[in-house]
Amino acid sequence: MNNKGELPFHHYTDTYKKVNMMNGCPVLSLDPHFPFAMTRFGIMDDESQTEIPHRHDYYEILFVEEGSGKHIVDYESYEIKTPAFYFLSKGQIHFWRLEKSLKGKIILFPREFLIPPATNLSHEDDLVVFNGLSKASQVCIDENTLPKIQELLANINQEFSDRSESSLSVLRAYMHILLVKLFRIYAKEQPINILDPSNTMVRKFRQLVSENYLKVRNVQEYADLIGISSTHLRDTVKAITGYSPGQLIRQEIIFEAKRRLANTDLTTAEIGYALSFEDTSYFSRFFKRETEISPLSYRKTIREKYKIKTI
């Protein structure tokens, strides 16, 4: 449950508080100031498998080895498959409807893990790849690939457990390898070649939109940020996604509107203001035009479907 203007948020710095206890001591020591954590479902408390919709201020990779039920991400329901990876970007809403408890590994990291401040080293491309994977319902691992993935995860866990002075650099290298391998698996399942350079540009565009949609809604501004013409951006995005850049910007706004409608009791005017609509009455018309349902009707329908309650 949450207050009128709040979305349930799990914060990276509070992760250590979620570790289960044994004989009065945590079964795993997590440092809230170390920008990377690897753990398992059985080690964390019930919040890791909660039925309460929530979002994180960090990025999360879940490797589900056992379990069944449904994983709901941004109010889209996906049947859990195993073994499979699930990716959650910062700010995405998710929760579970489980028939069998989950077993597997959890990797958590804040943005600064991949984009370190005040350094010449940047893994921004990895963040773009991560957010591309977060659009997938899951990435399934076949029996031939599983041993290599398990070995890589074991190496990551060992380095995390050791936590020496240079561990962050090694962990970033391991995570780069993991993300690239998983993205290749994902790419093979797609009907188009998403490894093509044009697709890389489109992923960069979608990454920029996800980070800037509240302030930047002009296609030309995004083209300038990428360093290409607006015509090239429009043509490439349309050819690859089937949507215009403007449609993808509007989709991002709608995703956030749906999150707030489902999880808060803010009025439509308050949500419109929070989403940078100068004319808040226009927000309702915008939402209905894009979704074919009014904001209040959407709120009622989604809360009934997932039994969401607020204070």
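The values are calculated or read from the model by the stated rules, or taken from the named source; none is laboratory data. Computed from a predicted model, the values in this text were never measured in an experiment. Backbone-built Cβ (ideal geometry, glycine too); neighbour counts: all protein chains shown.
Scanning segment 216-233 for residues that are charged (D, E, K, R) and either closer than 16 Å to ARG206 by Cβ or not assigned by TED's automatic domain parsing to the domain that holds ARG206 (or both) yields a total of 2.
Of the residues making up segment 99-110, not a single one is surrounded by fewer than 17 Cβ atoms within 10 Å (Cβ to Cβ) and under 24 Å from LYS135 (Cβ atoms).
Does HIS94 satisfy the criteria of being within 17 Å of the chain's Cα centre (by Cα) and surrounded by 14 or more Cβ atoms within 10 Å (Cβ to Cβ)?
yes
Screening SER164 on (1) under 22 Å from ARG111 (Cα atoms); (2) of a type in the set (Ser, Thr, Tyr); (3) in contact (Cβ under 8 Å) with a residue 12 or more places away in the chain shows it passes everything except condition (3). Mind checking whether some residue in segment 37-58 is more than 21 Å from the chain's Cα centre (by Cα), of a type outside the set (Phe, Trp, Tyr) and surrounded by fewer than 14 Cβ atoms within 10 Å (Cβ to Cβ)? Within segment 37-58, one or more residues are more than 21 Å from the chain's Cα centre (by Cα), of a type outside the set (Phe, Trp, Tyr) and surrounded by fewer than 14 Cβ atoms within 10 Å (Cβ to Cβ). May I ask you to verify whether ARG217 is in contact with a helix residue (DSSP H, G or I) (Cβ under 6 Å, 6 or more places away or on another chain) and part of a loop (DSSP other than H, G, I, E, B)? Here the answer is yes, as ARG217 does meet what is asked. The one condition from (1) touching a residue at least 12 places away in the same chain (Cβ under 8 Å); (2) surrounded by 14 or more Cβ atoms within 10 Å (Cβ to Cβ) that PRO26 does not meet is (1).
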